[in-house]
Amino acid sequence: MNRLAGVARLMIVSDLDHTMVDHHDLDNLALLRFNALWESNYRNNSLLVFSTGRSPTLYKELRKEKPLLVPDITIMSVGTEITYGNSMIPDDGWIEILNQKWNRNVVSEETKKISELTLQSETEQRPHKVSFYIQKDKAEDIMKVLSTRLEERGLDVKIIYSGGMDLDILPQGAGKGQALAYLLKKFKAEGNLPHSTLVCGDSGNDAELFSIPDVHGVMVSNAQEELLQWHVANAKDNPKIIHATERCAAGIIQAIGYFNLGPSKSPRDVTDLSDSKMEKFDPAYEVVKFYLFYERWRRAEVENSELYFANLKAVCCPSGILVHPSGIEQSLHDCINSLRQCYGDKQGKQFWVWVDQVLFSQLGSDSWLVNFKKWEQSGEERKGCLTTAVLSSKDVTVAKGLTWLHVHQTWLNEAGSSNGISWLF
């Protein structure tokens, strides 16, 4: 699928904090489970949308802290900013809509008169969003006062209270729900409406997402009281909305299975990766599986056996080459041999490996070109590289898996490494 030009099999629209990201899960295990599921089964034909209350500044900070995938679309600042792709190209049409009956200066003037409002940091103040903190017991009364005053000044605004402390003032046409409705309308006009859409959230500013007609929705198990109350009052009889029993990203995976939207078993939930049950060759699954085995090998979570090692060597062509990010060329078999010395070197440590944006195209009847980003996190240090690989199905069965013919890696600009020696694959 040409990212936004084709019809997506599934579009997931997820909040970040306490929904996709569990800040109580220090090892990010649920998020890594979701990452592996998405990249192995959905990336090539589906769309991932992050819808967050965070500003671009705080969103980028979160990306540095957590192993987040790159979404196809990013909705930020409580639905007031829509951007596309790696470069985060803004949607000018959405900006034009939000400018209607909106005057940020007037909002600032009126809110300065209310002492109970505490302005949030400068990074959270955006062209179409003014954000404050307010005590929970005063929120309802202040929202009524604000609404009246701004209406008297000729503005048409929306006031959203969420998280037990955050108060956002937006144009009436803004919000997470309206941003999603805008995207769906845009896709429909272009003949690209996704087959299924799943929205995911945990707090009050996510409620609008669940109001969009015909979408599936999951409130994660740790959803806040304000969202649960909204659900009881507005959508308790809607069979397309569930309250998951799992937290955060694990709840999203649960919802995929509950609604039969596609595969819901993450490769990270498969104990023996060599026992493949694939029905056809799948380059994305092969990439995810390979690097997950690599992680488990270094964490000593698989047996240090000759059988496993032989299987690993068997999927690499004897004449295959790996071009290391440093530019040094090595045979793939030499790279595999070097793994022997690294068994268990990360045992008991915070060491995780994940791949992102795994996209492939078929070169011929039995070969594929696969592009992806490969990341390693060891403690506080994170390294990443752009990877291009050629995989082949010649003379192998589906059960044996594809053969790696060539791998070429280059450091990502934001994550180069002065310690290339420790970078094995």
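Looking across the range 361-391, the residues that are hydroxyl-bearing (S, T, Y) and within 19 Å of Q330 (Cβ to Cβ) come down to T387, T388. Among the criteria (1) open to solvent by 30 Å² or more (accessible area, probe 1.4 Å); (2) without any contact (Cβ under 8 Å) to a residue 24 or more places away in the chain; (3) part of a helix (DSSP H, G or I); (4) more than 27 Å from A389 (Cβ to Cβ), the one P239 does not fulfil is (3). Within the range 29-52, the residues that satisfy the criterion of being touching a strand residue (DSSP E or B) at 6+ places or on another chain (Cβ under 7 Å) and of a type outside the set (A, V, I, L, M, F, W, C) are N35, E39, R43, N44, S46, S51, T52. Taking G262 as the residue in question, decide whether it is part of a helix (DSSP H, G or I), farther than 30 Å from D334 by Cβ and touching a residue at least 24 places away in the same chain (Cβ under 8 Å). In short, no. So, of the residues in the range 242-279 that are open to solvent by 70 Å² or more (accessible area, probe 1.4 Å) and closer than 22 Å to D356 by Cα, which turns out to be nearest to the chain's Cα centre (by Cα)? Selected residue: K265.
Of all positions in the range 323-336, at least one carries a residue that is open to solvent by less than 30 Å² (accessible area, probe 1.4 Å), part of a loop (DSSP other than H, G, I, E, B) and more than 20 Å from P267 (Cα to Cα).
A quick yes/no check of all residues on (1) at negative phi; (2) in contact (Cβ under 8 Å) with a residue 40 or more places away in the chain; (3) out of contact with any Phe, Trp or Tyr (no Cβ under 8 Å at 6 or more places or on another chain):
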site: L48; (1), (2), (3): yes, no, no
site: S55; (1), (2), (3): yes, yes, yes
site: Y84; (1), (2), (3): yes, yes, yes
site: M88; (1), (2), (3): no, no, yes
site: L98; (1), (2), (3): yes, yes, yes
site: N103; (1), (2), (3): yes, yes, yes
site: E122; (1), (2), (3): yes, no, yes
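For K289, the criteria (1) part of a helix (DSSP H, G or I); (2) over 22 Å from G217 (Cβ atoms); (3) touching a strand residue (DSSP E or B) at 6+ places or on another chain (Cβ under 9 Å); (4) not small (G, A, S) hold in every case but one, which is (3). Pairing residues of the range 214-226 that are in contact (Cβ under 8 Å) with a residue 60 or more places away in the chain and at negative phi with residues that are among the β-branched types (V, I, T) and in a loop (DSSP other than H, G, I, E, B), at Cβ distances under 6 Å and at least 6 apart in sequence or on separate chains, gives V220/T19. Identification of strands (runs of 3 or more DSSP E) wholly contained in the range 119-233 with 2 or more residues that are among the hydroxyl-bearing types (S, T, Y) and either over 25 Å from A30 (Cα atoms) or open to solvent by 10 Å² or more (accessible area, probe 1.4 Å) (or both) yields 130-133.
When each of E116, E110 is tested for being part of a helix (DSSP H, G or I) and either modelled with pLDDT under 95 or not polar (S, T, N, Q) (or both), the lone residue that passes is E110. The residue that is most open to solvent (accessible area, probe 1.4 Å), counting only those in the range 341-399 that are closer than 29 Å to P71 by Cα and among the β-branched types (V, I, T), is T388.
Identify, from the list V390, V396, the residue that is in contact with a His (Cβ under 8 Å, 6 or more places away or on another chain), without any contact (Cβ under 8 Å) to a residue 40 or more places away in the chain, among the β-branched types (V, I, T) and more than 15 Å from G327 (Cα to Cα). Matching residue, one of V390, V396: V390. Scan the range 299-320 for residues that are outside any helix (DSSP H, G or I), in contact with a helix residue (DSSP H, G or I) (Cβ under 8 Å, 6 or more places away or on another chain) and open to solvent by less than 50 Å² (accessible area, probe 1.4 Å) and report the count. The qualifying residues number 5. Per this entry, R296 is not counted among residues that are in contact with a Phe, Trp or Tyr (Cβ under 9 Å, 6 or more places away or on another chain), basic (K, R) and assigned to a helix (DSSP H, G or I).
The values are calculated or read from the model by the stated rules, or taken from the named source; none is laboratory data. Small disclaimer: the values here were computed from a predicted structure and weren't measured. In this analysis, Cβ positions are derived from the backbone assuming ideal geometry, glycine residues included, and neighbour counts consider all displayed protein chains. These area figures cover heavy atoms from the full protein model, side chains too; ligands, DNA and RNA do not enter into them. Shrake-Rupley method; radii C 1.70, N 1.55, O 1.52, S 1.80 Å.
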